[in-house]
1. Would you check if there is a residue in segment 153-167 being in contact with a Gly (Cβ under 9 Å, 6 or more places away or on another chain), in a loop (DSSP other than H, G, I, E, B) and at negative phi?
2. Any chance segment 195-218 includes a residue that's on the phi > 0 side of the Ramachandran plot and of a type outside the set (K, R)?
3. Residues A37, A22: which one is loosely packed, with under 12 Cβ neighbours inside 10 Å, within 27 Å of A203 (Cα to Cα), at pLDDT 95 or above and not hydroxyl-bearing (S, T, Y)?
4. Answer yes if at least one residue in segment 208-216 is more than 9 Å from the ligand (Cβ to nearest atom) and without any contact (Cβ under 8 Å) to a residue 40 or more places away in the chain, and no otherwise.
5. Scan segment 136-155 residue by residue and report those that are over 13 Å from A49 (Cα atoms) and of a type in the set (S, T, N, Q).
6. Please find, within segment 33-48, the residue that is farthest from the chain's Cα centre (by Cα) out of those that are free of Cβ contacts under 8 Å to residues at least 60 places away in the same chain and either assigned to a helix (DSSP H, G or I) or within 17 Å of G139 (Cα to Cα) (or both).
7. List the number of the failed condition for F222; all other conditions in (1) touching a residue at least 12 places away in the same chain (Cβ under 8 Å); (2) not in a helix (DSSP H, G or I) hold.
8. Check whether at least one residue in segment 109-127 is among the aliphatic types (A, V, I, L, M), closer than 30 Å to A45 by Cα and part of a loop (DSSP other than H, G, I, E, B), and report yes or no.
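The values are calculated or read from the model by the stated rules, or taken from the named source; none is laboratory data. Predicted model only: the values in this text are computed from it and were never measured. Ideal geometry is used to build each Cβ from the backbone, glycine not excepted, and the neighbour counts take in all protein chains shown.
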Amino acid sequence: MRTTVEPVSWLHTSVGRKIIMAATGVFLMTFLVVHLAGNLLLLRADGGAAFNAYAEFMSTNPFIRVLEVFLFAGFVIHIYQGIYFISREKKSRPKGYALNNAGANSSIFSRTMRLSAIVVLVFLIVHLRHFFVEHRLLGSPYTMYDLCKAAFENPWYSLFYVVSMVLLGFHLAHGFYSSFQTLGLILNRRIEAVIKWAGAAFALGVPLGFAIIPLYFLVKTF
Ligand code: HEM
């Protein structure tokens, strides 16, 4: 009797899924740089004029609106693939494996990838609800600057942002290098050294830039 083998789509293989995760990861990292650059306008001593003009442009420009669809798709695909790998790893992990000296074989950033992913996801849900949904979908009467200022003058809300940014840094510290590796872009030792340095600078600089914003508003209340 002849058996037919169902063709497996490349996208559903482990390699395919890892490449999708890496590519969406790189895309989301470029978003972080743009988002941070815009948000740093909150630090200008102009009562929010520049930031509000930027927010207005971002929410009305048709090109940006199209990009936003890709952005949300990027997040959904990245999170979906992450959940797939976590659940697969859980199923295949042997129980009671006593000699697992993970500390010797991997960095703290790769070992805490699951935790950092969950914290960043919770952050993202709270963040989108507070700003995106409030302003774009519920038509808040306040300006975007006023929404940010009121949020960050609350010490608990600011603390939540700062802690989330520490975990975002952890996530990026592993994710940056790992995505370049998965995409096969680490071709020699020199490139590897550059990617390692760039990854460390990115994972430190970007979350620090974001964390400065709530701290700035909080310090101004004293
Ligand atoms: C202090 C840090 C941050 C501030 C002040 C901030 C501010 C904002 C504001 C005001 C919006 C609404 C924009 C609009 O509706 O026009 C927004 C949207 C958004 N933020 Fe943030 N953000 C911060 C950090 C982050 C981080 C770390 C991430 C990702 C991990 C992120 C992801 C997003 C996404 C996906 C959107 C919706 C897309 C968009 O409107 O651009 N944000 N953010």
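1. No - not one qualifying residue is present in segment 153-167.
2. No, segment 195-218 contains no residue that is on the phi > 0 side of the Ramachandran plot and of a type outside the set (K, R).
3. A37
4. Looking through segment 208-216, none of the residues is more than 9 Å from the ligand (Cβ to nearest atom) and without any contact (Cβ under 8 Å) to a residue 40 or more places away in the chain.
5. Matches in segment 136-155: S140, N154.
6. Across segment 33-48, the extreme among qualifying residues is L41.
7. Checking F222 against (1) touching a residue at least 12 places away in the same chain (Cβ under 8 Å); (2) not in a helix (DSSP H, G or I), the one that fails is (1).
8. No: segment 109-127 contains no residue that is among the aliphatic types (A, V, I, L, M), closer than 30 Å to A45 by Cα and part of a loop (DSSP other than H, G, I, E, B).
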